[in-house]
Amino acid sequence: MPLLCVNVDHIATLRQARLGREPDPVLGAHEAELGGASGIIVHLREDRRHIQDRDVEILRRTVGTKLNLEMAATAEMQDIALRLRPDTVCLVPEKRQELTTEGGLNCIGREGELSAFLAPLLAQDIEASLFIDADPAQIEAASKTGAQFIEIHTGHYADAVSPAATKAELEKILTGIRHAQGLGLKVNLGHGLNYVNVLPFAHVPGIVEYSIGHSIVARAAYVGLRQATRDMVEILRGFCD
Ligand code: PXP
């Protein structure tokens with residue numbers, strides 16, 4: 001069964017709306033774990049718009065499953081990761097003006113730079129993942145960086161508006177998964193996934209983790225985060241592998 005890693009950024013988005021103390025993503029992470037999450041994900045953005053340094057520091061000590069730190073490939077973030085030692089780092093592109101991560105990381109022509117960035121993290125036994133589009137050239141470049149994982153960006157699939165476009169985006173992802181696995185990469189999926197659009201991946205072999213945030217936090221507003229996590233875990237439990 002593939003694993004569910006819950007991104008709790010948007011618990012922090014709500015807290016930051018009032019610049020107060022609640023809701024606390026640390027408590028959210030605990031609820032997600034009690035609901036069956038196999039991991040907790042936070043994106044510490046350069047502009048600190050949701051997750052704060054304090055959140056990552058506390059989560060490092062309280063998360064009992066595994067902690068995945070999403071971050072840009074900057075010296076500041078590398079220092080933080082080396083100090084806090086999350087279980088995994090996932091490198092993502094970051095733009096100040098974007099509402100959320102808009103596309104995958106460009107790895108083409110940056111294989112050496114990314115390898116050098118990841119080397120000290122890998123040396124500390126931190127696993128590395130690259131968030132990329134399902135583009136064969138990106139996948140090949142990612143396979144030359146030392147990262148053990150890629151996370152295929154499912155946002156274009158999630159945002160597709162017609163059945164034909166959805167099918168085409170799904171096909172790209174399925175081809176990308178096979179390509180990456182053939183190159184020895186482990187494959188995660190994430191961005192824009194919800195309780196419905198995740199279903200076509202049910203019979204796709206070898207997907208290790210689903211990284212899901214917004215839809216679970218949105219559902220949590222009605223049923224609580226523990227139950228919202230449980231509902232997604234239940235769906236993934238029905239996926240064969
Ligand atoms: N994966 C990555 C790399 C992301 O940046 C995000 C959004 O922070 C997610 C997964 C989760 O996306 P969503 O919140 O749409 O489920």
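Within segment 78-135, restricting attention to residues that are acidic (Asp, Glu) and at pLDDT 95 or above, the residue that is nearest to the ligand (Cβ to nearest atom) is Asp133.
Does any residue in segment 186-204 that is outside any loop (DSSP other than H, G, I, E, B) and of a type in the set (D, E, K, R) come within less than 6 Å, Cβ to Cβ, of a residue that is more than 8 Å from the ligand (Cβ to nearest atom) and open to solvent by less than 50 Å² (accessible area, probe 1.4 Å) six or more places away or on a different chain, and which pairs are these? Taking only residues 6 or more apart or on different chains, the pairs are Lys186/Phe149; Lys186/Val208.
Of all the numbered requirements in (1) within 13 Å of the ligand (Cβ to nearest atom); (2) among the aromatic types (Phe, Trp, Tyr); (3) more than 22 Å from Ala160 (Cα to Cα), Tyr195 misses one, and that requirement is (3). The single condition among (1) closer than 12 Å to Asn7 by Cα; (2) under 14 Å from the mean Cα position of the chain (by Cα); (3) not β-branched (Val, Ile, Thr) that Leu189 does not meet is (1). Taking (1) away from the ligand (no atom under 15 Å from the Cβ); (2) open to solvent by 30 Å² or more (accessible area, probe 1.4 Å) in turn, Ala202 satisfies each apart from (2).
Rundown of residues vs (1) in contact with a helix residue (DSSP H, G or I) (Cβ under 6 Å, 6 or more places away or on another chain); (2) under 13 Å from Leu4 (Cα atoms); (3) of a type in the set (D, E, K, R); (4) crowded, with 17+ Cβ neighbours inside 10 Å, yes/no style:
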site	(1), (2), (3), (4)
Val196	no, no, no, no
Gly206	yes, no, no, no
Glu209	no, yes, yes, yes
Phe239	no, yes, no, yes
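From Ile152, Ile177, grab the single residue that is aliphatic (A, V, I, L, M), outside any loop (DSSP other than H, G, I, E, B), more than 15 Å from the chain's Cα centre (by Cα) and closer than 23 Å to Leu105 by Cα.
After applying the criteria, what remains is Ile177.
The single condition from (1) surrounded by 19 or more Cβ atoms within 10 Å (Cβ to Cβ); (2) within 15 Å of the ligand (Cβ to nearest atom) that Val63 fails is (2).
From the set of residues in segment 42-59 that are aliphatic (A, V, I, L, M) and either surrounded by 21 or more Cβ atoms within 10 Å (Cβ to Cβ) or within 14 Å of the ligand (Cβ to nearest atom) (or both), which is farthest from His30 (Cα to Cα)? The extreme case among them is Leu44. Condition test on Glu140, is it open to solvent by 40 Å² or more (accessible area, probe 1.4 Å), closer than 18 Å to Asn106 by Cα and assigned to a helix (DSSP H, G or I)? So Glu140 passes the test.
Here segment 150-191 is the region considered, the condition is being of a type outside the set (A, V, I, L, M) and in contact with a Phe, Trp or Tyr (Cβ under 7 Å, 6 or more places away or on another chain), and the residue that is nearest to the ligand (Cβ to nearest atom) is Gly190.
Just checking, does segment 165-176 include any residue being open to solvent by less than 10 Å² (accessible area, probe 1.4 Å) and either closer than 25 Å to Leu3 by Cα or not hydrophobic (A, V, I, L, M, F, W, C) (or both)? Yes.
Cβ-Cβ distances below 6 Å connect the following pairs, each with a first residue in segment 1-25 that is over 19 Å from Arg61 (Cα atoms) and polar (S, T, N, Q), a second residue that is modelled with pLDDT of 95 or more and within 16 Å of the ligand (Cβ to nearest atom), and a separation of six or more residues or different chains: Thr13/His50; Gln16/His50.
All of (1) under 21 Å from Cys5 (Cα atoms); (2) out of contact with any helix residue (DSSP H, G or I) (no Cβ under 7 Å at 6 or more places or on another chain); (3) open to solvent by less than 40 Å² (accessible area, probe 1.4 Å) hold for Gln181 with one exception: (3).
The values are calculated or read from the model by the stated rules, or taken from the named source; none is laboratory data. Nothing here was measured: the structure is a model prediction, and the numbers come from that model. Cβ: placed from backbone, ideal geometry, glycine included. Neighbour counts: every protein chain shown. Accessible surface is based on the protein model in full, side chains and every heavy atom, while ligands, DNA and RNA are left aside. Shrake-Rupley method; radii C 1.70, N 1.55, O 1.52, S 1.80 Å.
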